[in-house]
Every structure is written in structure tokens, then in C-alpha cells.
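Right, I'll just put the structure down here and ask away after.
Just so it is clear, none of the values below were taken in a lab; they were calculated from the coordinates. Everything quoted here is computed from the prediction, not taken from an experiment. Glycine gets a Cβ as well: all are built from the backbone with ideal geometry, and neighbour counts include every protein chain shown.
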Amino acid sequence: MLEVHDLTVRFGGITALDGVGFGVGRGEMVGLIGPNGAGKTTLFNCLTRRYEPGSGTITYEGGDLTAVAPHAIAGLGIARTFQNLGLFPRLSVRDNVLVGAHHRGRAGFLSAGLRLPGVRREERTLLADADGVLERLGLTGVAGHPATGLPFGTLKRVELARALIGRPRLLLLDEPVNGLNAAEVEEFASTLNALRTEHDLTVIVVEHHMGFVMGICERIVCLDFGRKIAEGPPAEVQRDAGVIEAYLGTA
Ligand code: ATP
């Protein structure tokens, strides 16, 4: 589904990604790990076209992703969540979720409170989808509540709901369980596993919580100083001397 080849990104004198390559098969859940500053979020930013790589290729569903405009990414079925929640504090939970549907035709304008003529059917479908996603993630009770003031664990689920309303095929999760307590982490893992089957998702997850990422992913890619230093099944990567030295020893 996704092939990243020899990807390099530089910011002035900093090489954030240095010749990184890996592939992700349809339906796979891949963990992206590594110490702070290793380049994990930069990679997500390349996959969503926020950053322009200096060199390398990204092939998604057989097409060249680097030729795609940033605003067209969601329409290609790629959605992401953010490390530092990217929610609008004053918008309701439902409207925050609807923002994730901006590419779904003119109905996406609903999230901006606009009522365009002739979109009633799309509106109904979208609102029904939003209600379904909210219910699935246990958010129905807070759907009308502004995002501000809600517990952190709830906001993390709103982020996930916003990604899901876009009907993604590839879901990029940036530290989804950071800041959650042990029970919430466990619940998030089981929800994600179920959603994966329900929505036929392919997932790349960036996470420092090793119990979560090693437990849920089939394959792990480890970055260090912008380079891929290991790739393989969780048990193998956890035993890798380079990964232990660069990351796990201190994680
Ligand atoms: P963390 O686990 O702390 O989130 P990370 O692995 O996601 O780290 P990145 O955020 O991708 O790491 O950062 C990789 C390197 O690129 C860092 O040195 C960072 O300072 C640098 N970097 C990332 N984005 C930019 C930017 N827009 N401008 C300048 N430098 C950047």
C-alpha cells in the first residue's frame, strides 16, 4: 500500500530524515519508534505532504504521493492524528469531528456552519456518519460540548473520531496514548484493534509507550537521528542491540 524509498529531509544543517525506506502492506499495523528528534513526526509530515522531502520517493496505492497537493491527501484516504491535539477548543465535539470530513464534497462545509443549497442528502449522510463515529467512540454524551474543558482521554478519542470520519484507508497516529492512564491505554488498544477490522484500516503508529506499540503492531521500524536502524517483528526489534542502545535502554 505504501512504499517509502530513500527519503531525506533537511532543515538547514539538521538532517531530520536520512535515506529512510520501508514498506507497509494493506491491513498492516506498523509501529514507528525512536528517541526524541529521530524524525518520526517529520515522516508523517512527508506522508501528509506538509513537508517536501529533499529527495526520495513515496508511493501510495501505486501512485507518486509527492506529486499530490497537501489538500488532496484526505481525499486519497490518508488521515492522521496529532501529537499535540489539533482540536478547535470552542467548537463542539461534533463540529471538531466534522472538520475531518472537509474533503467529502460540499457536505464538508457543514463543519464551518455553512448550509449550501442542494447538499441536503450529503448533509444527512455525513451527519449520520458523524453520529455513528461519535457513538462508536463513546462520545455521544459530549457531542454538543465544546472541546475545551473535556478530559484529555476524551479529547484523544475526538481526534481519532475526526480521523475516522474522513473514511481513511491509511491512518497515521502520532502518539495516540501519550498522557493516558494504564486503563485508558488498554481501552484504546482494544478499540483500535476492533476499528482496524471494522474499517479495513492500515495503520502506522508513532508511540513512546513500548507496551502499547509492541503489543499492537505486527512490525516495528526504529529511527535514530533520521536513519532507520532496525525493522522487524516487535520481539526481534526489542532484542536488537542497536535499538536498545539508541532508545530502549533509556525509554
Ligand atoms: P519526538 O519523539 O520528540 O516527537 P520525532 O522523532 O517526531 O521526535 P521530529 O519532530 O520529526 O522527531 O524531528 C526530527 C528533527 O527535525 C529534530 O531535530 C527537529 O528539531 C527537526 N525538525 C522537525 N521539524 C522541523 C521544522 N519545521 N523546522 C526545523 N527543524 C525541524
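Does at least one position in the stretch 46-58 carry a residue that is over 23 Å from Ile14 (Cα atoms) and within 16 Å of the ligand (Cβ to nearest atom)? Break it down stepwise before answering.
Quick first cut of the stretch 46-58, residues over 23 Å from Ile14 (Cα atoms) only: none.
The answer is no; no qualifying residue exists.
If you don't mind, another one. Determine if the stretch 198-219 includes at least one residue that is over 27 Å from Leu17 (Cβ atoms) and under 16 Å from the mean Cα position of the chain (by Cα).
Within the stretch 198-219, one or more residues are over 27 Å from Leu17 (Cβ atoms) and under 16 Å from the mean Cα position of the chain (by Cα).
Please verify whether the stretch 176-187 includes one or more residues that are within 16 Å of the ligand (Cβ to nearest atom), under 16 Å from Glu28 (Cα atoms), of a type in the set (Val, Ile, Thr) and in contact with an Asp or Glu (Cβ under 8 Å, 6 or more places away or on another chain).
Within the stretch 176-187 (the criterion being within 16 Å of the ligand (Cβ to nearest atom), under 16 Å from Glu28 (Cα atoms), of a type in the set (Val, Ile, Thr) and in contact with an Asp or Glu (Cβ under 8 Å, 6 or more places away or on another chain)), the answer is no, since none of the residues qualifies.
Looking at (1) closer than 21 Å to Arg162 by Cβ; (2) within 16 Å of the ligand (Cβ to nearest atom); (3) basic (Lys, Arg), which one does Arg196 not meet, given that it meets all the others?
(2)
Condition check: under 25 Å from Ala128 (Cα atoms), out of contact with any Lys or Arg (no Cβ under 7 Å at 6 or more places or on another chain) and outside any loop (DSSP other than H, G, I, E, B). Does Leu98 satisfy that? Show your work before the answer.
Working: under 25 Å from Ala128 (Cα atoms): yes; out of contact with any Lys or Arg (no Cβ under 7 Å at 6 or more places or on another chain): yes; outside any loop (DSSP other than H, G, I, E, B): yes.
The answer is yes for Leu98.
Consider the stretch 36-92. How many of its residues are more than 16 Å from the chain's Cα centre (by Cα), of a type in the set (S, T, N, Q) and outside any loop (DSSP other than H, G, I, E, B)?
Count: 5.
Also: Name every residue in the stretch 180-192 that is surrounded by 18 or more Cβ atoms within 10 Å (Cβ to Cβ) and either within 16 Å of Val237 (Cα to Cα) or among the β-branched types (Val, Ile, Thr) (or both), in order of residue number.
Val185
Could I ask something else about it? Please go through the stretch 5-37 and give me each residue that is small (Gly, Ala, Ser) and either touching a helix residue (DSSP H, G or I) at 6+ places or on another chain (Cβ under 8 Å) or away from the ligand (no atom under 12 Å from the Cβ) (or both), ordered by number.
Ala16, Gly19, Gly21, Gly23, Gly25, Gly27, Gly31, Gly34, listed by residue number.
Ok, one more. Considering each of Leu65, Leu91 in turn, give the residue that is away from the ligand (no atom under 16 Å from the Cβ) and under 28 Å from Leu127 (Cα atoms).
Leu91
Residue by residue through the stretch 202-236, note down the ones that are touching a residue at least 40 places away in the same chain (Cβ under 8 Å) and more than 15 Å from the ligand (Cβ to nearest atom).
Within the stretch 202-236, Thr202, Val203, Met214, Ile216, Cys217, Glu218, Arg219, Glu231, Pro234 meet the criteria.
Please work out if Arg169 is of a type outside the set (A, V, I, L, M), in contact (Cβ under 8 Å) with a residue 60 or more places away in the chain, away from the ligand (no atom under 16 Å from the Cβ) and surrounded by 21 or more Cβ atoms within 10 Å (Cβ to Cβ).
Spelling it out, it is not the case that Arg169 is of a type outside the set (A, V, I, L, M), in contact (Cβ under 8 Å) with a residue 60 or more places away in the chain, away from the ligand (no atom under 16 Å from the Cβ) and surrounded by 21 or more Cβ atoms within 10 Å (Cβ to Cβ).
Which of the residues belonging to the stretch 141-159 are buried (at least 18 other Cβ atoms within 10 Å of the Cβ) and touching a Ser or Thr at 6+ places or on another chain (Cβ under 6 Å)?
Glu159, the sole residue that qualifies.
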